[in-house]
Every structure is written in structure tokens, then in C-alpha cells.
Amino acid sequence: MNTKRLFLLLAANGFLWMSAFAQPKKMIADKIIAVVGDKIILKSDIDNSIQDMERQGMEVPANARCLTLEQAMGIKALVLQAEKDSLPVTEEEIAADIDNQIRYFISAYGTKEKLEEISGKTVYQLKEDFKEGFRDRKLAGAMRNKIVEGIRITPKEVNNYFDKLNKDSLMFYESELEIGQIVRYPKASREAEEYSVDQLKEFKLQLESGKKEMKTLAALYSDDPGSKDKAGQYDLNRNEKQWDPIFMAKAFSLKEGQITNPFKSKFGYHIIQMVSRAGDDATVRHILKIPQVTKTELAEGILKLDTVRSRLVAGTLQFGEAVNKYSDDESSKFTGGRKQNAEGGGSITIDQLDKDMVLMMKNLKVGQYSQPIEFTDEKGKKGVRIVYLMSRTEPHRENIRDDYNKIALRALEEKKGDALEKWFNEKISGYYIQVDKDYGDCVEMKKWAMSVSASAAIK
């Protein structure tokens, strides 16, 4: 891999390779295998990276160790320059990234306890171990962004990039859709809400009397699909922003073993039990009960959206205005009603839709609005929705007319890669470099060996 491909990889993957440096492993032996300036790279860094690739099912190339070392050295070079330029990276940013990584590991291994068992360390110790690597990750990203921040691409450059592509290996795209939706969640009756609260009160009595355990009741009765298979358990950090603020406030008001009274959040009614807490980190279990709406409330929701649809079809109401006024879907309110794919884009393939929406799309033409239809969302909540088919592409081989934006993004990344390679070639001669003799035959190391003849390039 040349330097250009190295930095393109870093740009495209957002430094995901660094997760290998954070992968909890029990090390038997270690040694320094490379030095860039005053930054060292350990053999365990490379071993962990390869093991992480294997664990994720990625194809590991024959020269994986050489490639991974080249990547690590490239990161260290970026970090050195970032420090020299005094690029700002805050402790809060690093802590947030570490928290995300810990959540990923907990999700991968099932529980916090399992993660600690496998790593042989507490979550607190893991966070301390991660700080240096994540600081490097932040600094390297900031330096890369500084180098390429002013780079733009013109239509002529996009066309030139596309003309150079091998036409026999152009990508094939399945049909893609742009879809808007207006969602209504009918309010449950007072009787249904009172019933949910009464259930939670009874659960609390059983828990406090010792007749039942929270994990048993949560597994049996919770309406939360996100934690039901984990017996109602969540690992929280007080500084995380994605949680419902009422839920977080109630959770962190508890002492270990305590249980809240039933309370309401935007998702429904809860009780929470504090399992364990260490500062801003906590493990809780909870039961969520969503008051059930009846056919009567759903029918009222359909009637309301049918009126909205009639105005949309007649042209007396614009779709964006209808979303703002009538939709209860918080995520799509900020996108003008557009559904987004997993990457945050607006183009969605059929396989990314829920089965009920696939049926709604079957006979819908571009520019048309579906009839209001009942549905159940991924959180188990019943609602009513109208779907608007904004655009649909046919399955096709990549071409400049239909796929200009995608091609332009790739062309821009290549141009950034050229700029990064130029920067790297200019800077590398100023670094003190050492590389272990075991890596002396790596083609990727030759440019490092030539950087400064007086710096013991290949030992």
C-alpha cells in the first residue's frame, strides 16, 4: 500500500483501525518495533490490529503486518505535527470517544461483567489504558482535517476521474428510493395509562418484598425491545446525551439497590433499579410499559392523516409543512420528513425498509402519497403513517448522470489523498525514524528508511 492509499484508508474509515489498539487482550510479551519522533509503536499494537481484523471477519492480506505498521507510523507522524501546531483536543472529546468504544465492547460481549472478565480489567482501568491511543486518534484526525480542509473539486475534475475508471469494473447499484413519511402516534386512553402504572406499582412491590428479581420481571414483561433480551439492563454514563433526560435523572437519583416509583418518559412508563454505580458510570435494570392504544384511537389517527393526505394531493399543503405540523416522528422532523439510511443519507434500498413499508411501496409511483396505514415501530409503539415516494432509481451500472454525487465524493477523497501524500513526502524527511529489523524487508518501510540517513532507519 502506498502512502496515498494509506491516508485514503484512514479518511474513508474514520480511523476505525484504531479500535484494534483498544481491543482488550492479555499480553504475554511486548517490545518496541518502531519509533517516529518521540512516539513508539509496540508489537502488541500490530498483533491486536491483526486479531481485530480476524475477529470482525475481514480478509487479512499476506503483508498485513507491514501495512498495519505503515498505518501506525503514518498516524504517529500526523500526531507529531498536530502537537507542533498545537491543535486543540479536549479531555471531554477523548472521554466521549472512549465511552463509545466501551459501549461497543459491552454490546459485542453481552455485558460489562463479561467484558471485564475477558480483558482481565475493570471498565475504569480499560478507560485509563485507552486514553493515549484515543488522544492520538483525535490529534491525527484533526491534523488530517487541517491538511485537506480547503480542498474542493470541480465538475471537470469529477468527469476526468470517471473517464479514467475501468468501465468493466464499475459498481452496480440496486434500486434506491427517497422516501418521506408523516407519522402519528395516537395517545392512549387514560385507562390504558393507569393500567400501565398499576402494573409497575405491582412489580415494585414484588421486587421490594423479595418475591421476584428485576431481571426476571424485565425479561417477561418489559416492552423495551432494546433491553428485553438483556433482562432490562443498560450501562449508562451521566454525560451521554442520547438518553431521555427524565430517564437519566431518575436513574442517577438512586442508590445501589433502590427502585424508582413509576414515572413517565417520552417512551412510556418505567421503573428503574440501580444495580451498581461508580461515579458517572452506572448499571441499571428497568421495565418499560407502553400504554396500548386501541382500534378506536388508531382509527382517529387514520382519519386525521387522511385529511392531511387530501390536502397534500390537492396541493393546498406542502409536504415539509405537513411534517412540521402533524408528524410525531422526531428523527424525520429534522430531515424534512425524509427517512435516512444507516449512514445518514437519504437514499434507501428496499432491503433497508420494514416489511410493512415494502408493501406500501409496491404500487406507489414517484410523487404519490400512500393511504394512511397502521404500523408498529422498532420500539414496539403503534402508530399511523403516510409515505411519500420522492424518487426511485432503477437498478443500473454506475454512470455520471445518475450517480454524480457518489462519484464526486470518491474523486474528492482521491484529491485529498494526493494532498496528504504530498504533505507526507515533504514532512517525512524531518522525522527521527527507527524500525525493527524484522520489518526491514517490508516494501512499505523503504520510504521511512530513506527519510533521515542519520536516524538508524532500519536496524
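At-a-glance table
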| item | result |
| --- | --- |
| Ascending count of other beta-carbon atoms within 10 Å, so fewest first, for 229, 280, 224, 328 | 229, 280, 328, 224 |
| Label of the coordinate-derived value, percent of Cα pairs over 44 Å apart, listed as (i) 35; (ii) 10; (iii) 30 | (iii) |
| Dipole-positive endmost among 242, 225, 205 within the stretch 190-289 (Cβ charges, Cα centre) | 205 |
| Stretch gain in nm, segment residue 114-residue 304, where the contour uses 0.36 nm per residue and the Cα spacing is subtracted | 63.5 nm |
| Separation of the residue 325 and residue 341 label points, Cα + 7 Å toward Cβ, nm | 3.3 |
| In the stretch 106-148, the GluC sites (Glu not before Pro) that fall in loop regions by DSSP, at most 16 other Cβ within 10 Å | none |
| Using alpha-carbon coordinates, inclination of helix 190-209 to the longest axis of the chain, degrees | 60 |
| Pairs from 43/121; 304/382; 187/289; 422/446 whose Cα-Cα separation, in the structure shown, is over 19 Å | 43/121 |
| The stretch 316-377: GluC sites (Glu not before Pro) in DSSP loop, at most 11 other beta carbons within 10 Å | 343 |
| Residues 230, 339, sorted so that the one with the fewest Cβ neighbours within 10 Å comes first | 230, 339 |
| Degrees between helix 295-314 axis and first principal axis of the chain (Cα, 0 to 90, nearest 10) | 70 |
| Inter-label distance for residue 418 and residue 313, nm, one decimal - labels placed 7 Å from Cα along Cα-to-Cβ | 5.3 |
| Inter-probe distance in nm under a simple model that places probes 7 Å from Cα toward Cβ, at residue 351 and residue 280 | 4.0 |
| Euclidean distance between Cα centres, the stretch 354-398 to the stretch 247-278, Å | 37 |
| Two-decimal Rg/Rh across the stretch 190-289, once Rg and the Kirkwood Rh are taken from alpha-carbon atoms | 0.94 |
| Sites residue 62 and residue 168, calculated FRET efficiency, Cβ-Cβ separation with R0 35 Å, nearest 0.05 | 0.85 |
| Restraint check, 381/406; 325/379; 228/339; 76/164; 325/355, Cα-Cα greater than 31 Å | 381/406; 76/164 |
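Throughout, read-outs are computed from the coordinates displayed, never taken from laboratory work. Note that the structure is a prediction, hence the values are computed from the model and not measured. Every residue, glycine among them, receives a Cβ derived from its backbone with ideal geometry; neighbour counts consider all protein chains shown.
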